[in-house]
There are 2 protein chains.
Amino acid sequence: MEAQVKRFAAVVLEGKVAAALRAAGASEASLAAATRAMMHASMLGVDSHGVRLTEHYCNMLAGGRLNKDPQLVVEQRGSGSAMVHGDDGLGHYAAYRAVEVGIALAREAGVGAVGIDHSSHLGAAGAYALAGAEQGFVTFATTNTDSMVTLFDGAARFHGTNPLAFAAPVPDSQPWLLDMATSSIPMNRVLLHRSLGLELPEGVAADHQGLPTSDPELANMLLPLGGADYGYKGAGLAGVATLFSALLTGTTLDSDFIPMYGGDDRSTPRNMGHFVLVVDPDKFVGREIFGMMITRYLANLRAAAVRPGGERVMAPGDQEWAILAQRQAEGVPADPDTARFLGL
Amino acid sequence: MEAQVKRFAAVVLEGKVAAALRAAGASEASLAAATRAMMHASMLGVDSHGVRLTEHYCNMLAGGRLNKDPQLVVEQRGSGSAMVHGDDGLGHYAAYRAVEVGIALAREAGVGAVGIDHSSHLGAAGAYALAGAEQGFVTFATTNTDSMVTLFDGAARFHGTNPLAFAAPVPDSQPWLLDMATSSIPMNRVLLHRSLGLELPEGVAADHQGLPTSDPELANMLLPLGGADYGYKGAGLAGVATLFSALLTGTTLDSDFIPMYGGDDRSTPRNMGHFVLVVDPDKFVGREIFGMMITRYLANLRAAAVRPGGERVMAPGDQEWAILAQRQAEGVPADPDTARFLGL
């Protein structure tokens, strides 16, 4: 499969993605946000949330599910809290705006908590955690998503792969960046293993009865992080994403979403919610000492003893920064369908 | 072992715990908080953090590590942020105070973020998340702890079992309560399996080289949640606890703590940090709709299809509330050493 995947210069890819969204009618502000978030994902190796989604978003703009010219409304609720109403546009637009609102709140209040409603798919949640960290703030971003993951001892899809993304600024370095699904693997990993005829690892997927299986043909739903024995933890964390993203914002529960893919309906907005939390280190120990502490913490972590067979111990984000450097040098991969759609 | 464990009425146990702390010289305010937190843990089945810790805290009060009469100082840093300085007293005292401070901030700002420094062991982090939820607020509490868990691909103890605790109010019901270590199991589970000669589950512990083992005699450190394949997620989450608890507050890193147990030093304060975040639903979708949504979410969850061999699908906290009801009816267990120490 790898042989069919061509690489393109980031600037070229970015221009093509923006052009496609523009051709589909998206406003400049909303397409800039969506392009930025997709390029974040494609540059850092999160290809499932990268430029391959361009075609999907174009289809949903055409169908009317996504508002081509969303007018975001920011409603401050307290000195540290706000809601961003996404007006059913591209979710990236509302989510990046929420980060900016959160930063402005945090500068004064020390913390900014921002709920987002009437939004849509936002791509990789880590894009928004990173956006806050790049400006010097500890940032948390989360969203709930379409049901795909069973509960502990469950036999049906309940939560989405609901990501929790955290990032923190590190002086003279890329941020600390954790962007994790609360399942062990994403559903498209199952599809990939199916197409390659490869077994799945233990404890990551279940059959239609909810019983763990490593046969990708039988896999019907994902298991939460922690697998067959400790999946109540992963299921609980998926619930945290739903709690903040949907319950606090009054938006759609995971199991109530109109399917992102595959359904006939391309016209009804999905009223997806997200949540962003921004913390200003200056209101706690102070930016300078925080910087010294996280530097020392990461130096200790990266110097930690490695187990036999391991290569090195990495901090959250280290793998992503390595991929970024490689893709900046060698180009960004795009699968054949996406390259064709983008006219590459 | 169970045969040696006697049960006592909660009110009796609570009185004995308080009396022991009082005899060790703790101030009324700080011993009330520690007693409340230990009773929380013992009533909800978190016995590792329950009344068995009374003797340890008494020893540390006697040795001088713990300040018998701590004077908490609350320093507001922004309209939504504060630090609570624990004055090296019992950690429960500072942590419960932080919840109260967080609630007061959240009522105005919509969110309250409170760091705690110069604290000590706080027992079960869930006690503080619950305290916020019981007053109607979505609450997050975390702490870092002594190194016990290896990194992904690591061969040494690095993070503590660093808990993440979340709780949310549910109308006419016990709160939703997730109190989870970021390892799969606690270290005392290893010791228990060792004493019983029982194998450990796969992927929860490692030998001195960092290689996964199910032999409790060989287990030298814990693996992060996610085990051998996905432990980078658990390790990242342990880092979240350290980020908020230690790096933002300028307190002690997991690997720098004077050991809680076993060292000779009972006199040097440990400068432990914690973090509490309180969110007011009234500043987001509003308490009424939030209550309807979480009620519906939990009803869906508890009605979810069960896999063959499973009994029922539970929400975070359901098991704890069942244990609470049982212990209210049948008494609270205390191991023989603890019963003896408490004069029961």
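Every residue in the range A:232-253 that is hydrophobic (A, V, I, L, M, F, W, C) and facing chain B (nearest Cβ under 10 Å), please.
A:A235, A:L237, A:V240, A:L243, A:F244, A:A246, A:L247, A:L248, A:L253
State which residue pairs qualify: first residue exposed (fewer than 15 other Cβ atoms within 10 Å of the Cβ) and inside the range A:250-274, second residue modelled with pLDDT under 95 and among the β-branched types (V, I, T) in any location, beta carbons under 8 Å apart, and separation of 6 or more residues or different chains.
A:D265/A:I258; A:T268/A:I258
Only one of A:G197, A:G154, A:G160 is more than 10 Å from chain B (Cβ to nearest Cβ), over 16 Å from the mean Cα position of the chain (by Cα) and not basic (K, R). Can you tell me which?
After ruling out the rest, the residue left standing is A:G197.
Does B:V285 satisfy being crowded, with 17+ Cβ neighbours inside 10 Å, in contact (Cβ under 8 Å) with a residue 60 or more places away in the chain and of a type in the set (V, I, T)?
So B:V285 fails the test.
Every residue in the range B:272-299 that is within 25 Å of the chain's Cα centre (by Cα), outside any loop (DSSP other than H, G, I, E, B) and not hydrophobic (A, V, I, L, M, F, W, C), please.
Passing the criteria: B:G273, B:H274, B:P281.
Which one of A:V84, A:V101 is part of a helix (DSSP H, G or I), within 21 Å of A:A241 (Cα to Cα), within 14 Å of chain B (Cβ to nearest Cβ) and not small (G, A, S)?
A:V101
Inside the range B:1-47, can you point out the residues that are part of a helix (DSSP H, G or I) and among the charged types (D, E, K, R)?
Passing the criteria: B:E2, B:E14, B:K16, B:R22, B:E28, B:R36, B:D47.
Restricting attention to the range A:223-231, does a residue exist that is within 12 Å of chain B (Cβ to nearest Cβ), assigned to a helix (DSSP H, G or I), at pLDDT 95 or above and closer than 28 Å to B:G126 by Cβ?
Yes: the range A:223-231 contains one or more residues that are within 12 Å of chain B (Cβ to nearest Cβ), assigned to a helix (DSSP H, G or I), at pLDDT 95 or above and closer than 28 Å to B:G126 by Cβ.
Select from the range B:42-56 the residues that are closer than 15 Å to B:Q328 by Cβ and crowded, with 21+ Cβ neighbours inside 10 Å and write down the one among them that is farthest from the chain's Cα centre (by Cα).
Here the answer is B:M43.
I need a count of the residues in the range B:77-103 that are touching a strand residue (DSSP E or B) at 6+ places or on another chain (Cβ under 7 Å) and within 16 Å of B:A133 (Cα to Cα).
The qualifying residues number 7.
In the set B:A104, B:A141, B:A127, B:A155, which member is out of contact with any Ser or Thr (no Cβ under 9 Å at 6 or more places or on another chain) and free of Cβ contacts under 8 Å to residues at least 12 places away in the same chain?
One residue alone meets the criteria, B:A104.
Check off (1) in a loop (DSSP other than H, G, I, E, B); (2) at pLDDT 95 or above for B:S245 and give me the number that stays unchecked.
(1)
Would you mind finding the one in A:G343, A:G310, A:G317, A:G331 that is touching an Asp or Glu at 6+ places or on another chain (Cβ under 9 Å) and more than 8 Å from chain B (Cβ to nearest Cβ)?
Just one listed residue meets the conditions, A:G317.
Checking B:D207 against (1) within 12 Å of chain A (Cβ to nearest Cβ); (2) crowded, with 21+ Cβ neighbours inside 10 Å, only one condition comes out false. Which one?
(2)
Which condition from (1) modelled with pLDDT of 95 or more; (2) out of contact with any Pro (no Cβ under 7 Å at 6 or more places or on another chain); (3) surrounded by 24 or more Cβ atoms within 10 Å (Cβ to Cβ); (4) not hydrophobic (A, V, I, L, M, F, W, C) is the one that B:T161 breaks?
(2)
Just give me the residues in the range A:284-307 being of a type outside the set (S, T, N, Q) and facing chain B (nearest Cβ under 7 Å), in sequence order.
Selection gives A:F284, A:V285, A:I289, A:F290, A:M293, A:I294, A:Y297, A:L301, A:A304, A:A305, A:V306, A:R307.
Here are some residues: A:G132, A:G123. Which one is crowded, with 21+ Cβ neighbours inside 10 Å, more than 10 Å from chain B (Cβ to nearest Cβ) and on the phi > 0 side of the Ramachandran plot?
None of the others qualify; the one that does is A:G123.
Could you pull out the residue among B:M148, B:M187 that is more than 8 Å from chain A (Cβ to nearest Cβ) and in contact with a Lys or Arg (Cβ under 6 Å, 6 or more places away or on another chain)?
B:M148
Taking the condition of being more than 18 Å from A:T251 (Cβ to Cβ), at pLDDT 95 or above and surrounded by 14 or more Cβ atoms within 10 Å (Cβ to Cβ), how many residues in the range B:291-318 meet it?
Residues in the range B:291-318 being more than 18 Å from A:T251 (Cβ to Cβ), at pLDDT 95 or above and surrounded by 14 or more Cβ atoms within 10 Å (Cβ to Cβ): 10 in total.
Output the residue which, of all residues in the range A:57-78 that are surrounded by fewer than 20 Cβ atoms within 10 Å (Cβ to Cβ) and among the small types (G, A, S), is farthest from the other protein chains (Cβ to nearest Cβ).
This residue is A:A62.
What tally of residues in the range A:164-188 results from selecting those that are crowded, with 21+ Cβ neighbours inside 10 Å and of a type in the set (D, E, K, R)?
Of the residues in that region, 1 qualify.
Which pairs do you get when a residue that is under 17 Å from A:D337 (Cβ atoms), found in the range A:2-31, comes within reach of a residue that is among the hydroxyl-bearing types (S, T, Y) and modelled with pLDDT of 95 or more, reach meaning Cβ atoms under 6 angstrom, with the pair 6+ apart or on two chains?
Close Cβ pairs satisfying both conditions: A:V17/A:T35; A:V17/A:T54; A:A20/A:T54.
So which residues in the range A:173-215 are part of a strand (DSSP E or B) and over 21 Å from A:Q319 (Cβ atoms), if there are any at all?
A:A205, A:A206, A:P212 - these are the residues of the range A:173-215 that are part of a strand (DSSP E or B) and over 21 Å from A:Q319 (Cβ atoms).
Is it fair to say B:A129 is closer than 21 Å to A:S245 by Cα, at pLDDT 95 or above and within 20 Å of the chain's Cα centre (by Cα)?
Judged against the criteria, B:A129 is a match.
The values are calculated or read from the model by the stated rules, or taken from the named source; none is laboratory data. Worth saying up front: this structure is predicted, and the values here are computed from it rather than measured. Positions of Cβ are backbone-derived with ideal geometry, glycine not excepted, and every protein chain shown enters the neighbour counts.
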